[in-house]
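The values are calculated or read from the model by the stated rules, or taken from the named source; none is laboratory data. Being a predicted model, the structure only gives us computed values, none of them experimental. Every residue, glycine as well, gets a Cβ built from its backbone with ideal geometry; the counts of neighbours run over all protein chains shown.
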2 protein chains.
Amino acid sequence: MYTVQAISEAQLLRLEDLREKVNVALRTLIQREVNKGAGEVAKLSGEILLSGGKRLRPLLGIFCYEVAGGKDIDEIMDLALAFEMIHTATLIHDDINDAAKLRRGVTTLHERIGQPKAIIAGDWLFVQGYGLSGRYTKECIDLIREACANIAVSEFKQLDHVLDLSTSPEDYLDIVRGKTAGPFAAVCESAAIIAGASPEQSQALGRFGMELGIAFQLMDDLLDLRGDERMGKPRGKDVLEGKMTLPLIHSLTLLHGERRRHLAAILNNFNDGLWDELMGLLETSDSIMYAESLMLTHLERAIHELDKFPSSMAKSLLMQVAENVHTRHD
Amino acid sequence: MYTVQAISEAQLLRLEDLREKVNVALRTLIQREVNKGAGEVAKLSGEILLSGGKRLRPLLGIFCYEVAGGKDIDEIMDLALAFEMIHTATLIHDDINDAAKLRRGVTTLHERIGQPKAIIAGDWLFVQGYGLSGRYTKECIDLIREACANIAVSEFKQLDHVLDLSTSPEDYLDIVRGKTAGPFAAVCESAAIIAGASPEQSQALGRFGMELGIAFQLMDDLLDLRGDERMGKPRGKDVLEGKMTLPLIHSLTLLHGERRRHLAAILNNFNDGLWDELMGLLETSDSIMYAESLMLTHLERAIHELDKFPSSMAKSLLMQVAENVHTRHD
């Protein structure tokens with residue numbers, strides 16, 4: 001089992017300092033676009049962008065850049081912002097497609113301003129994010145393009161698997177690699193390239209991002225089964241939407257006969273009143289525990305990739321980010 | 001008044017040859033993505049991309065590149081494809097937002113595969129298009145980002161002006177510059193930059209694109225008032241959607257008293273049964289003729305920008321493209 005030391009005061013300060021740097025840079029960018037006449041689309045997209053979020057992708061980019069030997073944060077900041085803006089764009093479009101009412105406890109954009117403007121606001125953030133990557137080499141831009149295209153490819157697959165009770169763990173991992181883990185890998189690998197790392201080092205950090213991203217999504221699946229009203233995250237949202245998360249896939253695979261039929265019936269007609277029955281069946285098949293173990297395996301693999309790099313503040317912070325995946329609540 | 005010579009056999013062959021080159025390159029790109037495992041999203045986006053279209057933006061890019069002294073079409077092809085893919089992405093998202101049933105006489109993507117996949121297919125094309133621009137300089141990428149961001153800004157404004165009968169010609173031009181003419185200007189100017197043209201030359205071709213784009217949109221407005229069932233373009237679609245096109249704005253400005261109230265009532269409750277009354281009022285205010293004259297003015301201005309460049313096949317073809325804006329039917 002992997003172990004990560006408790007975060008030190010200095011690490012915590014550095015983490016908060018960088019998160020604030022990212023927030024300031026995002027605010028500045030939005031303000032610049034508003035000043036240039038982008039008006040309402042920049043204001044509204046900016047509100048969503050600045051309404052919270054852990055800035056996980058930017059922080060991963062910055063820490064990987066430093067772990068790979070990069071010294072000038074200004075050199076990596078545009079990449080960090082690009083991934084955050086692209087991520088926010090996909091959230092806005094996802095929320096439309098999921099007909100979601102809330103995001104981080106706040107009314108979703110399409111609920112506030114209507115679907116047409118929300119689609120366009122997502123497009124605008126996409127363009128801004130993609131445009132920010134224009135200062136880097138073709139190699140980096142290709143990595144980003146590949147990752148972003150794969151988000152779309154995987155979202156298609158995910159839609160095809162809605163309420164498909166025969167979805168396999170391989171289908172699941174395939175979707176997760178494209179939708180969540182691929183962008184994590186891309187920000188880590190391209191940050192290393194920008195820092196001037198060797199191909200071996202860049203690829204190791206790419207694998208770190210991929211494994212971390214898989215763990216992150218597994219945790220997301222688990223959180224959906226816990227829910228957290230404080231975070232505006234109602235429990236069972238994925239189940240309600242027919243998304244085949246790993247605990248469900250695992251349980252459907254293990255259960256047989258009457259129990260499997262019962263689980264299938266619950267998933268096909270889910271409502272919150274069926275919650276206790278669902279949790280009982282998942283417990284019978286140890287599916288929550290299985291997903292937790294698998295998440296820890298991927299976290300371990302992620303951290304293992306960092307072995308190749310010398311100790312540093314940035315490396316400790318990367319390990320903290322990994323630890324936070326495990327302990328996060330939203 | 002400007003005059004353009006009839007197209008010669010050689011010009012026609014060159015035009016068709018290049019259009020086919022663009023089509024082949026688009027098909028190859030889609031096939032490569034399908035082969036790489038992009039699957040359904042690439043196939044469906046590819047179908048829309050390859051289902052027709054005049055390839056106006058790619059052709060403008062190629063001709064401007066040549067007019068500006070570029071010699072190697074392979075150098076400009078990615079830019080040409082990028083603009084076509086981004087354009088198609090905006091069409092898919094626009095069709096969702098307009099709840100359009102048909103595009104080029106064919107059922108729209110969201111009608112065939114549902115809105116969620118259609119939004120994502122648009123995103124995929126956006127990413128592909130944007131990614132293709134990654135091989136060019138930051139100056140070019142910034143031009144493209146600016147143009148794409150302005151599409152979103154202008155679409156927001158357009159939505160705000162739906163059925164706003166006080167929309168002014170200035171509001172209209174502002175929207176058209178961002179939504180239609182800006183991307184024309186960007187493909188022309190960036191193609192010139194890639195060809196190694198001087199800033200003066202590149203900006204002249206940028207202005208050529210801007211003026212041509214304004215003329216193109218004015219023609220689009222006029223075609224909506226003519227309609228063409230063969231092209232799958234029903235008449236009065238813009239009117240039905242409450243889009244404030246120039247002939248309507250002009251007529252609302254000129255008419256007074258009872259006639260203006262009548263026009264306002266027609267626009268607020270439009271259906272095809274009110275067609276003849278609408279056309280009668282537009283005729284009273286000479287608004288169709290006004291929009292046509294304005295279109296010709298912008299075409300003239302566009303062609304005037306080409307004066308600075310020596311005669312060449314590419315220049316003749318650019319003038320033909322301008323002429324086609326005037327004579328087009330869809």
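A few notes on this one:
- Condition check for residue B:92: assigned to a helix (DSSP H, G or I), within 8 Å of chain A (Cβ to nearest Cβ), in contact (Cβ under 8 Å) with a residue 12 or more places away in the chain and farther than 17 Å from residue B:187 by Cβ: no
- A count restricted to segment B:38-79 and to residues that are small (Gly, Ala, Ser), crowded, with 19+ Cβ neighbours inside 10 Å, away from chain A (no Cβ under 14 Å) and within 26 Å of residue B:117 (Cα to Cα) stands at 1.
- Only one entry in B:43, B:36, B:54 is modelled with pLDDT under 95, out of contact with any Leu (no Cβ under 7 Å at 6 or more places or on another chain), basic (Lys, Arg) and part of a helix (DSSP H, G or I), namely B:36.
- The set of residues in segment B:154-169 being within 12 Å of chain A (Cβ to nearest Cβ), buried (at least 19 other Cβ atoms within 10 Å of the Cβ) and either in a loop (DSSP other than H, G, I, E, B) or among the aromatic types (Phe, Trp, Tyr) (or both) consists of B:156 alone.
- Boolean, residue A:318 is among the hydrophobic types (A, V, I, L, M, F, W, C) and closer than 28 Å to residue A:104 by Cβ: yes
- Exactly one residue among B:240, B:205, B:218 is more than 19 Å from the chain's Cα centre (by Cα) and aliphatic (A, V, I, L, M), and that residue is B:240.
- Unique residue being within 12 Å of chain B (Cβ to nearest Cβ) and either among the small types (Gly, Ala, Ser) or surrounded by fewer than 17 Cβ atoms within 10 Å (Cβ to Cβ) (or both) when the list is A:185, A:121: A:121
- Any hit, segment B:203-211, residues being away from chain A (no Cβ under 12 Å), out of contact with any strand residue (DSSP E or B) (no Cβ under 9 Å at 6 or more places or on another chain) and either under 16 Å from residue B:291 (Cα atoms) or among the aromatic types (Phe, Trp, Tyr) (or both): yes
- For segment B:124-153, a residue qualifies if it is of a type outside the set (Gly, Ala, Ser), surrounded by 23 or more Cβ atoms within 10 Å (Cβ to Cβ) and touching a Phe, Trp or Tyr at 6+ places or on another chain (Cβ under 8 Å), and the qualifying residues are B:126, B:127, B:130, B:144, B:148, B:153.
- Residue A:82 falls short of the stated requirement of being at pLDDT below 95 and within 14 Å of another protein chain (Cβ to nearest Cβ).
- Within segment B:124-147, considering residues that are of a type in the set (Val, Ile, Thr) and facing chain A (nearest Cβ under 8 Å), the one nearest to residue A:91 (Cα to Cα): B:127
- Hits in segment A:35-74 - residues which are in contact (Cβ under 8 Å) with a residue 24 or more places away in the chain, out of contact with any strand residue (DSSP E or B) (no Cβ under 7 Å at 6 or more places or on another chain) and of a type in the set (S, T, N, Q): A:45
- Condition check for residue B:263: more than 18 Å from the chain's Cα centre (by Cα), more than 16 Å from residue B:218 (Cα to Cα), crowded, with 18+ Cβ neighbours inside 10 Å and modelled with pLDDT of 95 or more: yes
- Residues located in segment B:95-104, provided they are in a helix (DSSP H, G or I) and more than 9 Å from chain A (Cβ to nearest Cβ): B:95
- For segment A:23-33, the criterion of being surrounded by 15 or more Cβ atoms within 10 Å (Cβ to Cβ) and under 26 Å from residue A:310 (Cα atoms) is met by no residue.
- Restricting segment B:198-232 to residues that are within 19 Å of residue B:52 (Cβ to Cβ) and modelled with pLDDT of 95 or more leaves a set whose member that is surrounded by the most Cβ atoms within 10 Å (Cβ to Cβ) is B:216.
- Condition check for residue B:295: under 21 Å from residue B:215 (Cα atoms) and in a helix (DSSP H, G or I): yes
- Restricting attention to segment B:105-118 and to residues that are in contact with a helix residue (DSSP H, G or I) (Cβ under 7 Å, 6 or more places away or on another chain) and more than 9 Å from every other protein chain (Cβ to nearest Cβ), the residue that is modelled with the lowest pLDDT turns out to be B:105.
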